[in-house]
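Following: one structure in structure tokens, then a few remarks.
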Amino acid sequence: MSRGSVAAVVADGLARAGVPRVFASCHASAPLIAALRAHGLAVVETAGATAACVMAAVTAELLDAPGVALVSLGGGLAPVVDGAAHATRDRAAVIVISDGAADSRLLEPVVKASVVADAASSGHWIAHAAQAAMADPRGAVHVAITDPEAPALPLATAVRRAALPAPPADALDALADSIARAGKPVIVAGLETGPDDAKWLRALAESVPAPVLTTPKGKGALPDPHPLALGLLAAGHPLLTQSDLLVVVGVDQVEVSPGVWPAGVSMVRVGRTPHDDAVVGEIALVIEELAPRLRGRTRADWDVAALDRIKRGLRAAAPAGPGLARRRVVELAREMTPAGTLLTLDVPLAAAWQSVAPRECLVANGAATLGFALPAALAAALARPDARVVAVGAAAGFAAMAGEWCTAARLRAPSVAVALNHAGTTDVASGARAAGVDVATATDETSFRAAFDRAWRAGAACLVDAHVSR
């Protein structure tokens, strides 16, 4: 294969965009896989296209660079649509590269753009795809390559996201004035709030002072054990009706269900995504610029004891009962793992996992893609080799993603998967055992602790089949 082929130009563009690895589903383009490896990119082969897209999305979320899924449309369009829709719904910068353009119009509702990279335009379009995927709001971009071995000339194109310009001074002044006037401000942090922003958000919360709520994807923006961390944003949260100003930081509209924002409460916004009433810019920079404008001016008057009562009320344990409760499974997993452990989750139990930094609790927006937890955990283990990973999900999801147990066994990633299996009615063990993955069954807290501890110490992918009763 010529070094000047379409495949080589695409691989070069992805490498320059900071892509560390590509996830290739079954029957993906062999010439393109060869070109990617020749350019030093790791290629992780997956059983399904949806899993490849999920793994690319998690990689993008953790590394702040485009994730890439290499798929074939010949195996059916539905898995590709599901995977691309997941990436766009999660605001993950993913480039979905397919082997043909015949059905690409069907992807248009779930991607930001769909292009065909041919011999004359491959350099231009792969650069466009990388920039478009990373532009806020982030999402999936589809690139169809019909002839990867066609000769092509590389182009010197920019593939990295440019930093956002600093917001105007008058916008920062107005934002500071609003916060300074508030008696009971509440900060709400969302998915755009990354690790570099968290220290600035904490400083803002402590200096105002203001309690902090987060969306599920914003968990860890302020460490959950912090006294000002008051849990997840939800309709009816007691802080929302007590507040006179919501300072919304990095929250995307897809994260907020209808009816969550309380009527009659003022709101100011900070984030990367353009919005009519937002101060748009890099979040850390905006908060840093606010600091001198707020010094000595804030008048927030929260009762610390009242905030503590609210926090303890939100953490109150559910009444004990027979068997194993789903929430208790997540709580036990958190108790048995060290700080910095990552959780991938496809059931609505994020509140049960204590996070101390952003993106330690990896969840999907809205209705999670079926089986998200398993491929997400594999991608997280690759992206963060310094951290251990726990995957907790519905048993039906593990059954749907059973083909990815072979991927797990091949990667030898030390992750623990926990299937929430109501009364043990779903067979989640057969697929795992067929791939050589150890499986243990738990029916109560004692057996769960023992099974989880063995899996954690195994140093390889393991499955705990948790027979939950509620």
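Among the listed residues E331, E404, E335, which satisfies the condition of being closer than 15 Å to C462 by Cα, of a type in the set (D, E) and modelled with pLDDT of 95 or more? Give the derivation first.
Details: E331 fails: closer than 15 Å to C462 by Cα; E335 fails: closer than 15 Å to C462 by Cα.
Going through E331, E404, E335 in turn, the sole match is E404.
Results for (1) of a type in the set (D, E, K, R); (2) in a loop (DSSP other than H, G, I, E, B); (3) touching a Leu at 6+ places or on another chain (Cβ under 7 Å); (4) under 30 Å from D136 (Cα atoms), shown as yes or no for each residue.
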site: V251; (1), (2), (3), (4): no, yes, no, yes
site: S257; (1), (2), (3), (4): no, yes, no, yes
site: P262; (1), (2), (3), (4): no, yes, yes, yes
site: V268; (1), (2), (3), (4): no, no, yes, yes
site: T273; (1), (2), (3), (4): no, yes, no, yes
site: D276; (1), (2), (3), (4): yes, yes, no, yes
site: G296; (1), (2), (3), (4): no, yes, no, no
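Give just the number: which of (1) open to solvent by 10 Å² or more (accessible area, probe 1.4 Å); (2) more than 29 Å from V363 (Cβ to Cβ); (3) free of Cβ contacts under 8 Å to residues at least 60 places away in the same chain does R202 not satisfy?
Here R202 clears every test but (2).
Going through L36, L106, L41, L77 one at a time, which residue ends up being in contact with a helix residue (DSSP H, G or I) (Cβ under 8 Å, 6 or more places away or on another chain), surrounded by 19 or more Cβ atoms within 10 Å (Cβ to Cβ) and not small (G, A, S)?
The conditions single out L36.
Can you find, within the stretch 432-445, the residue that is least open to solvent (accessible area, probe 1.4 Å) among those that are out of contact with any strand residue (DSSP E or B) (no Cβ under 9 Å at 6 or more places or on another chain) and in a helix (DSSP H, G or I)?
E445
Tell me whether the stretch 44-53 contains one or more residues that are in contact with an Asp or Glu (Cβ under 6 Å, 6 or more places away or on another chain), among the β-branched types (V, I, T) and open to solvent by 10 Å² or more (accessible area, probe 1.4 Å).
Yes.
Filter the stretch 109-151 down to the residues that are in a strand (DSSP E or B), touching a residue at least 40 places away in the same chain (Cβ under 8 Å) and open to solvent by less than 20 Å² (accessible area, probe 1.4 Å) and list them by number.
Hits for the stretch 109-151 are A140, V141, H142, V143, A144.
Please find, within the stretch 263-318, the residue that is farthest from D170 (Cα to Cα) out of those that are among the acidic types (D, E) and surrounded by 18 or more Cβ atoms within 10 Å (Cβ to Cβ).
Applying the filter and picking the extreme gives E282.
So which residues in the stretch 152-189 are open to solvent by less than 20 Å² (accessible area, probe 1.4 Å) and either closer than 30 Å to A15 by Cβ or among the acidic types (D, E) (or both)?
Of all residues in the stretch 152-189, those open to solvent by less than 20 Å² (accessible area, probe 1.4 Å) come to 152, 159, 167, 172, 175-176, 179-180, 182-183, 185-189.
Once the filter is applied, which keeps residues that are open to solvent by less than 20 Å² (accessible area, probe 1.4 Å) and either closer than 30 Å to A15 by Cβ or among the acidic types (D, E) (or both), the stretch 152-189 yields A152, V159.
Select from the stretch 156-182 the residues that are at pLDDT below 90 and not small (G, A, S) and list them in ascending order.
Selection gives T157, V159, R160, R161, L164, P165.
Among the listed residues L246, L228, identify the single one that is in contact (Cβ under 8 Å) with a residue 12 or more places away in the chain and open to solvent by less than 20 Å² (accessible area, probe 1.4 Å).
Selected residue: L246, the only one of L246, L228 that is in contact (Cβ under 8 Å) with a residue 12 or more places away in the chain and open to solvent by less than 20 Å² (accessible area, probe 1.4 Å).
When the residues of the stretch 353-363 are narrowed to those that are within 17 Å of L228 (Cα to Cα) and aliphatic (A, V, I, L, M), which ends up least open to solvent (accessible area, probe 1.4 Å)?
A357
Are there any pairs, at least 6 apart or on different chains, whose C-beta atoms fall under 6 Å, with the first in the stretch 12-24 and over 16 Å from T46 (Cβ atoms) and the second open to solvent by 30 Å² or more (accessible area, probe 1.4 Å) and hydrophobic (A, V, I, L, M, F, W, C), and if so, which?
Nothing qualifies.
Any idea how many residues of the stretch 452-466 are surrounded by fewer than 23 Cβ atoms within 10 Å (Cβ to Cβ) and either assigned to a loop (DSSP other than H, G, I, E, B) or over 27 Å from the mean Cα position of the chain (by Cα) (or both)? Explain how you work it out, then say what you get.
Within the stretch 452-466, the first condition is being surrounded by fewer than 23 Cβ atoms within 10 Å (Cβ to Cβ), and the residues that meet it are 453-454, 456-460.
From what's left, either assigned to a loop (DSSP other than H, G, I, E, B) or over 27 Å from the mean Cα position of the chain (by Cα) (or both): 454, 459-460.
Total satisfying the criteria: 3.
Taking the conditions exactly as written (modelled with pLDDT of 90 or more, open to solvent by 10 Å² or more (accessible area, probe 1.4 Å) and of a type outside the set (F, W, Y)), does R89 satisfy them or not?
Yes.
The values are calculated or read from the model by the stated rules, or taken from the named source; none is laboratory data. The shown structure was predicted, so the numbers you read here are calculated from the model rather than taken from an experiment. Positions of Cβ are generated from backbone atoms using ideal geometry, with glycine treated the same way; all protein chains shown enter the neighbour counts. To get the accessible areas, we keep the full protein, side chains included, count just its heavy atoms, and leave off ligands, DNA and RNA. Shrake-Rupley method; radii C 1.70, N 1.55, O 1.52, S 1.80 Å.
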